[in-house]
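Have a look at this one.
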Amino acid sequence: MSSQQLDRTVAVPDEVLLSVLLDHTSDLLLVVAPPGEVVYASPSLLAQLADGDALVGRTALHLVHPTQRELAREVHYRCLQTGQPETVDLQLLLRTPSVELAYEPGRWFQVTMHPRPGLGLVVTGHDISARIAHAKELEHLAFHDRLTGLANRVRLERELDRPVRGRRAIMVLDLDGFARINERVGETGGDAVLRSTAWRLRRMIPAGGLCAYLGGDEFALLLTGIRSPAQAEVLAEQVVGALAEPVRVGDDVLTVTASAGLAIDVGDALHGDELLRRADSAMHLAKQQGRGRTVVFDSAAAARAAARAEVARRLAAAADEDELVLHYQPLLALASGRVHGAEALLRWDSSTGMVPPDEFIPVAEEAGLVHELGRWALRRACADLVALPGLTVSVNVSARQLHHDSFARSVEQALSSSGIAPERLVIELTESAVVEDPAAAQAVLGRLRRLGVGIALDDFGTGYSSLSYLLHLPVDTLKVDRSFVADIVTDRRTQLLVHGITTLAHDLGMSVTVEGVETEEQLEAIRQTGCDAVQGYLIGRPVPLAALSS
Ligand code: C2E
Ligand code: CA
Ligand code: CA
């Protein structure tokens, strides 16, 4: 600065300088008079208040986060008593000036209280949120390193973001049953298992790779310089094998297996995130498939899973959008030669055409939608019975549905809301639904039986066919699977078999229906077995309600 300029700047009054300073500092300044009332607040502070200028005249404490008011009060009194300034980190209830309306309780400030006799306290505050956040990040990094000595997820992700040279693969590993291990050997023992896993992984990984601990009981290996997918697969198998070797933890010797997912970038320069996501989804598949194994990510399988998820998504909306329909297939009583009932078969009239149940019921089961579909089918079938005087209607129920708590109740509701006689409703179950949990099945079937609802065992002869448990189940009708019909004309033994089943069923008080009758010859052969009813294209295909009742 030249002396000429100096000459010109002498006479600026202190108040002007101060007000310019206060207007332009981002630091906070306030003056607090005893016992704690704000008498002055700087413009920078007013700008960060959630409620404008309502600060002067109020207690300064309401700026402080409730969890720290006690601390603030303590420092305040100490300053007044000792006459010495003090500095403390506090979270203040201020919003970020640059962000409109954002109100973040919890911005950290370094607050200094300067006692001034006769005035009270002059308080200054400096925003240290960024510093605190940084310190937290460092703490996080340090924590994981301390447990396993491995890189953590942040480090792995940084590594994955780097430009790729050559092929690489990621293996994600998850220890099987780690919660149980923790229960058995305690948390310290669990930590020892994690450390021993880390140690084994580090020994297995080839130079240039990275071992990371992802938290919980998950680890990841980044393998670089992969020459072929087979090489990565062999290495993955070796890693899983090495982890399954027994570990000594204190006096315990444990065998801890891991499930692994492997994703290989075979030169399509996949983004690191995508590679990690693929390895993760393959690992979940490995868990499902029985643990202690490696699953290699397979794009085709993933595409199938995505397609199933898409069907599930559309199916979830189908019931709401009136896309479900029941078709009815007639059941013919042989003695009278009359149609005595009909089987309700679910159809999905989707935007892409009519979808058969074999395609969407498994998806519905997997996605947990089958209960809703089942309730819908029961309600619809009972309501439709009004248009089918004198007939019974059979509704199919899958194993999942049967074993759901609300199943018996949804049957009761369907009956009561339609007002039809329970005897006109038949529930069709497959053997597998019963075999899965016979005791539970028996309880549900007993409840249906007491209601008066009929019970049919579907697809009989394809599954377990253990007649012994039939003795204990309240079944009214056996439905002999259509695979018997296919060769009943040409193979006499099949005819004898159906005859035998029929005789036994009759002895047990059950009736027999044979499914899938397509020709007159088949009908004739079936008639000779002594069974009670038939169903099949020869008698009638499944049709909409209107077509059946006309
Ligand atoms: P299912 O209970 O064994 O039903 C009989 C299946 O055989 C029906 O196929 C029917 O159209 C077909 N069928 C009938 N007669 C003949 C014939 O003469 N020849 C041949 N080749 N086939 C015949 P659909 O309607 O595709 O149903 C397939 C399966 O889907 C059913 O097998 C049943 O297990 C299941 N399903 C149908 N509706 C429902 C439902 O509302 N809920 C549940 N959980 N499952 C259902
Ligand atoms: Ca059926
Ligand atoms: Ca069947």
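The values are calculated or read from the model by the stated rules, or taken from the named source; none is laboratory data. It should be emphasised that the depicted structure is a prediction, and the values quoted were computed from it without experimental measurement. For neighbour counting, all protein chains shown are included, and Cβ atoms are generated from backbone atoms with ideal geometry for every residue, glycine included.
Among the listed residues Val435, Val363, Val370, Val397, which satisfies the condition of being within 17 Å of Thr477 (Cβ to Cβ) and within 16 Å of ligand 1 (Cβ to nearest atom)?
Just a single option satisfies the conditions, and that option is Val397.
Another one. Would you confirm whether any residue within region 432-444 is under 16 Å from Leu331 (Cβ atoms) and within 16 Å of ligand 2 (Cβ to nearest atom)?
no
Further question on the same structure: Mind counting the residues in region 307-366 that are within 16 Å of ligand 3 (Cβ to nearest atom) and among the acidic types (Asp, Glu)?
Residues in region 307-366 being within 16 Å of ligand 3 (Cβ to nearest atom) and among the acidic types (Asp, Glu): 2 in total.
Could you tell me whether any residue of region 519-534 is outside any strand (DSSP E or B), among the aliphatic types (A, V, I, L, M), closer than 22 Å to Ala377 by Cβ and more than 16 Å from ligand 2 (Cβ to nearest atom)?
No, region 519-534 contains no residue that is outside any strand (DSSP E or B), among the aliphatic types (A, V, I, L, M), closer than 22 Å to Ala377 by Cβ and more than 16 Å from ligand 2 (Cβ to nearest atom).
Might you let me know whether region 257-278 holds any residue that is surrounded by fewer than 18 Cβ atoms within 10 Å (Cβ to Cβ), touching a strand residue (DSSP E or B) at 6+ places or on another chain (Cβ under 8 Å), among the polar types (S, T, N, Q) and within 19 Å of Asp176 (Cα to Cα)?
Yes - at least one qualifying residue is present in region 257-278.
Of all residues being modelled with pLDDT under 90 and in a strand (DSSP E or B) in region 250-287, which is farthest from Pro206 (Cα to Cα)? Just the residue, please.
Taking the candidates together, the pick is Asp252.
Kindly establish whether Arg291 is part of a loop (DSSP other than H, G, I, E, B) and either buried (at least 19 other Cβ atoms within 10 Å of the Cβ) or in contact (Cβ under 8 Å) with a residue 24 or more places away in the chain (or both).
Taking the combined requirement at face value, the residue satisfies it.
Find the residue count for region 26-72, including only residues that are part of a loop (DSSP other than H, G, I, E, B), surrounded by 15 or more Cβ atoms within 10 Å (Cβ to Cβ) and in contact with a helix residue (DSSP H, G or I) (Cβ under 6 Å, 6 or more places away or on another chain).
The total comes to 2.
While we're here: Search region 421-453 for residues being away from ligand 3 (no atom under 16 Å from the Cβ) and not in a helix (DSSP H, G or I), and hand back the single one that is farthest from Ser398 (Cα to Cα).
Ala421
Has region 402-420 got any residue that is touching a residue at least 12 places away in the same chain (Cβ under 8 Å), in a helix (DSSP H, G or I) and basic (Lys, Arg)?
No, every residue in region 402-420 fails to be touching a residue at least 12 places away in the same chain (Cβ under 8 Å), in a helix (DSSP H, G or I) and basic (Lys, Arg).
Then there's this: Val395: within 16 Å of ligand 3 (Cβ to nearest atom), surrounded by 19 or more Cβ atoms within 10 Å (Cβ to Cβ) and in the same structural domain as His327 (by TED's automatic domain parsing), yes or no?
Taking the combined requirement at face value, the residue satisfies it.
Starting from region 489-506, take each residue that is in contact (Cβ under 8 Å) with a residue 24 or more places away in the chain and list its partners that are surrounded by 18 or more Cβ atoms within 10 Å (Cβ to Cβ) and among the aromatic types (Phe, Trp, Tyr), counting only C-beta distances under 6 angstrom and pairs at least six apart or across chains.
Every condition considered, the pairs that remain are Val498/Phe484.
OK, next. Check whether at least one residue in region 517-528 is over 23 Å from Thr430 (Cβ atoms) and aliphatic (A, V, I, L, M), and report yes or no.
There is at least one residue in region 517-528 that is over 23 Å from Thr430 (Cβ atoms) and aliphatic (A, V, I, L, M).
Quick check on Ala312: is it assigned to a helix (DSSP H, G or I), away from ligand 1 (no atom under 14 Å from the Cβ) and more than 30 Å from Gln528 (Cβ to Cβ)?
Yes: the conditions hold for Ala312.
Name the residue, out of Thr529, Thr513, Thr519, that is assigned by TED's automatic domain parsing to the domain that holds Asp458, more than 15 Å from Val498 (Cβ to Cβ) and surrounded by 13 or more Cβ atoms within 10 Å (Cβ to Cβ).
Checking each option against the conditions leaves just Thr519.
Do we have any residue at all in region 454-462 that's within 16 Å of ligand 1 (Cβ to nearest atom), in a loop (DSSP other than H, G, I, E, B), assigned by TED's automatic domain parsing to the domain that holds Ala342 and under 21 Å from Ile501 (Cα atoms)?
Looking through region 454-462, at least one residue is within 16 Å of ligand 1 (Cβ to nearest atom), in a loop (DSSP other than H, G, I, E, B), assigned by TED's automatic domain parsing to the domain that holds Ala342 and under 21 Å from Ile501 (Cα atoms).
Looking at region 487-504, is at least one residue surrounded by 14 or more Cβ atoms within 10 Å (Cβ to Cβ), of a type in the set (D, E, K, R) and not in a loop (DSSP other than H, G, I, E, B)?
No, region 487-504 has no match at all.
Please go through region 346-360 and pick out each residue that is over 26 Å from the mean Cα position of the chain (by Cα) and near ligand 1 (Cβ under 9 Å from one of its atoms).
Those that are over 26 Å from the mean Cα position of the chain (by Cα) and near ligand 1 (Cβ under 9 Å from one of its atoms): Leu346, Arg347, Pro356.
Could I ask something else about it? In region 158-183, how many residues are charged (D, E, K, R) and loosely packed, with under 14 Cβ neighbours inside 10 Å?
Selection size over region 158-183: 6.
Would you confirm, using the coordinates I've provided, whether Thr490 is touching a Gly at 6+ places or on another chain (Cβ under 8 Å) and either away from ligand 2 (no atom under 16 Å from the Cβ) or within 21 Å of Ile427 (Cβ to Cβ) (or both)?
In short, no.
To continue, here is another question. Restricting to region 154-190, and then to whatever is among the β-branched types (Val, Ile, Thr) and part of a strand (DSSP E or B), can you tell me which residue is nearest to Arg248 (Cα to Cα)?
Per the stated criteria, the residue is Val172.
Only residues that are in contact (Cβ under 8 Å) with a residue 24 or more places away in the chain, away from ligand 2 (no atom under 16 Å from the Cβ) and in a strand (DSSP E or B): list them for region 315-339, please.
Residues satisfying the conditions are Leu324, Val325, Ala333, Val339.
Residues are listed down the side, and each one gets a yes or a no for (1) modelled with pLDDT under 95; (2) more than 25 Å from Leu345 (Cα to Cα); (3) more than 16 Å from ligand 3 (Cβ to nearest atom):
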| position | (1), (2), (3) |
| --- | --- |
| Phe484 | yes, no, no |
| Thr490 | yes, yes, yes |
| Thr503 | yes, yes, yes |
| Leu508 | yes, yes, yes |
| Val534 | no, no, no |
| Pro544 | no, no, yes |
